[in-house]
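Read-outs: derived from the displayed coordinates by stated rules, not from any lab. Owing to the predicted nature of the structure, the values given are computational and were not obtained by experimental measurement. Because the Cβ atoms are built from the backbone with ideal geometry, glycine has one as well, and the counts that use them run over all protein chains shown.
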Amino acid sequence: MRELKIFSGQANRKLAKDICAHLHLPLGEISLGKFKDGENYCKIEEDIRGRDIFLIQPTCPPVNDNLMELLIMIDSCKRASAERITIVIPYFGYARQDRKDEGRVPITAKLVANLITRAGADRVLTMDLHSPQIQGFFDVPVDNMFAAPVLNDYVIGLSTQEEERVVVSPDVGSIKRALWHAKRLGGQLAIVDKRRDSPTETRQENIIGGPIAGKVALMFDDMISTGGSICGAALKVHAEGAKMIYVAATHGVLCGDAVKKLSEAPITAVVITDTIPLPPEKLAQCPKIIVRSVAPMLAEAIKRIHHDQSISMMFEKTEE
Ligand code: R5P
């Protein structure tokens, strides 16, 4: 069988090392950096001819640098005669630009998918895409994994009873996700009516469903970026009388003053995964942030892809 080799870009080397530790494999030797004029460089420092290559690189901030680095890593592997190149993008940046919702705007998620496939990626392994339809933007196979079991494990570990729980969807787009969690964790469903005033500003108008008063609210989202959506929803749920609020999200983008917002919001704890690295100083600023690793799950998926085994068998159906 073709030898499996894993290389990491600079976006999340800790996650890549943890994945390799689970697979009992060394992380491949690669030189990455920038020339004085800001252009990226890459050199694969070992023979990869005919090998089954996995490149780990979430396209998190700095998004354009990480994306460009990924593209030149793919190109390096292609030109070095790798047999197959699977890119592991635990977090796919630009995913929220996935439709033309007004005139004269791009569909950047599609453009990025084109760049990745044109560069030479043969497969994509990713996690909790902002919308599952993005899989169709790639003309190569995409495995979209779900961090839901890792996030649910955290909630199950809390000492709350099913009847005290209410699963709150922070917006209409997350209803299916909330329903999936409610089915497994118990509790009623509530939906926050989020309105978007501009690309960066949202406001929370009403709550549909519930009841909320006296309950432990569990809010699930795919990502926390500026923190505006989740903190706005938490304030609304708090005002409705929730006694505790837990937030769980796969991708902790945490840009701008998101960490400060989370610290100040009426949230008991925030659980995120390590798809995006969280600098220790940010973590120290907000002890209520808990990080759970998806490295074991990604390691298992890499092993299965390498051995041509099913990925979907790893999961229960995530949509009802
Ligand atoms: C919205 O559709 C997403 O699921 C997230 O709720 C949102 O993008 C998070 O962004 P922010 O933290 O900036 O509100």
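Kirkwood analysis of the range 21-121, using all unique Cα-Cα pairs, places the hydrodynamic radius at 14.8 Å.
Treat the chain as a sphere of radius equal to its Kirkwood radius over Cα pairs and apply Stokes-Einstein at 37 °C in a medium of 0.692 mPa s; give the translational diffusion coefficient in µm²/s, rounded to a whole number. Reported coefficient: 160 µm²/s. Sequence-ordered 3J(HN,Hα) estimates for the range 124-129 from the Karplus curve with 6.51, -1.76 and 1.60 and θ = phi - 60° stand at 10, 10, 9, 9, 6, 4 Hz, glycine and proline given as x. Between 122, 257, 143, the Gaussian network model of the chain with springs among Cα atoms under 10 angstrom shows the greatest mean-square fluctuation at 257. For the range 197-230 and the range 14-71, write down the distance between their C-alpha centroids in whole Å. Answer, in whole Å: 35.
Overall, the range 148-293 carries a charge dipole of about 120 debye about its Cα centre when +1 sits on the Cβ of Lys and Arg and -1 on the Cβ of Asp and Glu, all other atoms neutral. Pairs spanning more than 20 Å between alpha-carbon atoms, out of 260/288; 14/78; 260/282; 5/43; 110/261; 243/288: 14/78; 110/261.
Taking every DSSP helix (H) stretch of at least 4 residues in the chain, weighting each as -39,500 (n - 2.57) and dividing the sum by the residue count yields a mean residue ellipticity at 222 nm of -9000 deg cm²/dmol. Taking amide H as placed 1.01 Å from N in the peptide plane, the amide H of residue 223 sits under 5 Å from that of 250, 251, each at least 5 places away or on another chain. An ellipsoid equivalent to the range 148-293, defined through the eigenvalues of its Cα gyration tensor, has semi-axes of 21, 18, 14 Å when rounded to whole angstrom and sorted largest first.
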